[in-house]
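Below is one structure, written out as structure tokens, with a few remarks after it.
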Amino acid sequence: MTPRDPDDPDLRRRPHHDPHPGLPVDPDVTEADVATVPGRAFRLLRTRRDILAVIAVGGSLGAAARYGMAQALPHAAGDFPWSTLLTNVAGCFAIGVLMVVVVERLSSSRLVRPFFGTGLLGGFTTFSTYAVDTRALLAAGRPVVAAAYLFGTLVLGLLAVVLALRATERALR
């Protein structure tokens, strides 16, 4: 085995460098998880089919929930997209809660984060629709509303993550 071989058990135990100390980080991520050549990527796909399956199931459920939100709060092109804003901010808040819970309580379960984070919440949040809605507001001649929506969503999403992180950390103490 070479030192960069993803199957090297010593490499699997070595933690990934945390670029943001003080914030929760997934303890399962190691240097071996970042494939550098296609062969390693395909090997990861073969050996982690269970993770891909839970991501697919979670993504399906998240997309169905997003569709429900869009149906509950519809908007015409050029109107303010409340359903997309609420979906993305709620998803950001849930991701903040999830990261603290996964790191502090469920770190031994390797399928929780992929199911909820990548799958469910990845399918629920819709930043591609956010971009389309921004473009629709611009096309409708509402540049001020488009800018408020564009920057407001970013600010509210980031605040939701930070608020969820801090509130969940306090609640779990």
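The values are calculated or read from the model by the stated rules, or taken from the named source; none is laboratory data. No experiment lies behind these values; they were computed from the predicted model shown. Quick reminder, even Gly has a Cβ in these numbers, built from the backbone with ideal geometry, and neighbours come from all protein chains shown.
Among the candidates 113, 66, 43, the residue that is over 30 Å from residue 167 (Cβ atoms) and either buried (at least 19 other Cβ atoms within 10 Å of the Cβ) or not assigned by TED's automatic domain parsing to the domain that holds residue 138 (or both) is uniquely 43. Return yes or no: is residue 60 assigned to a helix (DSSP H, G or I) and either loosely packed, with under 14 Cβ neighbours inside 10 Å or outside the structural domain of residue 125 (by TED's automatic domain parsing) (or both)? So residue 60 passes the test.
Is it true that residue 151 is touching a Gly at 6+ places or on another chain (Cβ under 9 Å) and either under 30 Å from residue 49 (Cα atoms) or assigned by TED's automatic domain parsing to the domain that holds residue 53 (or both)? When the stated conditions are applied, residue 151 does not pass them.
Residues in region 92-103 include at least one that is part of a helix (DSSP H, G or I), in the same structural domain as residue 56 (by TED's automatic domain parsing), out of contact with any Leu (no Cβ under 8 Å at 6 or more places or on another chain) and under 23 Å from residue 49 (Cα atoms). Confirm whether residue 110 is of a type in the set (D, E, K, R) and either modelled with pLDDT of 95 or more or under 20 Å from residue 171 (Cα atoms) (or both). So residue 110 fails the test. One residue alone among 16, 20 is modelled with pLDDT under 90, in contact with a strand residue (DSSP E or B) (Cβ under 8 Å, 6 or more places away or on another chain), of a type outside the set (D, E, K, R) and within 29 Å of residue 166 (Cα to Cα), and that residue is 16.
For region 136-150, filtered to residues that are over 16 Å from residue 83 (Cα atoms) and assigned to a helix (DSSP H, G or I), the residue that is nearest to the chain's Cα centre (by Cα) is 147.
For residue 158, the conditions (1) out of contact with any Ser or Thr (no Cβ under 8 Å at 6 or more places or on another chain); (2) in a helix (DSSP H, G or I); (3) free of Cβ contacts under 8 Å to residues at least 60 places away in the same chain all hold with the exception of (3). Evaluating residue 151 against the criteria (1) modelled with pLDDT of 95 or more; (2) touching a Lys or Arg at 6+ places or on another chain (Cβ under 8 Å); (3) not β-branched (Val, Ile, Thr) leaves one unmet condition, (2). Just so you know, in region 121-135 the residues that are surrounded by fewer than 18 Cβ atoms within 10 Å (Cβ to Cβ) and free of Cβ contacts under 8 Å to residues at least 24 places away in the same chain include one that is farthest from the chain's Cα centre (by Cα), and it is 135.
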